[in-house]
Amino acid sequence: MVEHLLLRPLQYAPPGSVSLFQPSLLPLEFTENDILEDVPLYPYHHHLSFFFPGEFAPFNFKDFKAYTERILEEEVPAHLVFTVYWLTEEEYTSLDATLQPWLEQMANPVPLPHRSAAAQDALHLTHTALVSELQTLHTRYHG
């Protein structure tokens, strides 16, 4: 599961700058038609993505997939929107290989301004790689 709020764009500044890794809001301009078409006003708030290995038992059974999605609908708080992805083995392995380094960087207890330049660069690179991987999956599954 990935919480989209953690995927906000990171504004990178070289070490020694005044601001290091400040979340930056996207410049959003929507028309009434966009809102009517269910376009999220801010794509990072209140959205979760769940990733399951769709080719392995029990996830490869149609009834189990329906059961899993029903449980998520019942248990995910009503104010959150979620998307479920049933991935191939290759997609799941690729996502895991991208996700694990990012999780390790995010788990670093040292506050961002106090991290070394190398640690800041590592977070930026793993963040960029994860966002790219998730964008690829989203495009593949949702056009």
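Values in this text are rule-based calculations from the coordinates and carry no lab data. Please read all numbers here as calculations on a predicted model, not as lab measurements. Cβ: placed from backbone, ideal geometry, glycine included. Neighbour counts: every protein chain shown.
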> Given H placed on each backbone N at 1.01 Å, which residues far from Val84 in sequence or on other chains put an amide H within less than 5 Å of it?
Replying inline: Phe50
> Given a cut-off of under 8 Å on Cα pairs at least six residues apart, what relative contact order in percent is computed for the range 45-106?
Replying inline: 49
>> Given a Förster distance of 22 Å, report the FRET efficiency between Glu73 and Ala107 from their Cβ-Cβ distance, rounded to the nearest 0.05.
In response: 0.15
>> Output wanted: per-residue J couplings in Hz (rounded whole) for the range 64-71, from phi through Karplus 6.51 cos²θ - 1.76 cosθ + 1.60, θ = phi - 60°, x for Gly and Pro.
In response: 5, 4, 5, 4, 4, 5, 5, 4
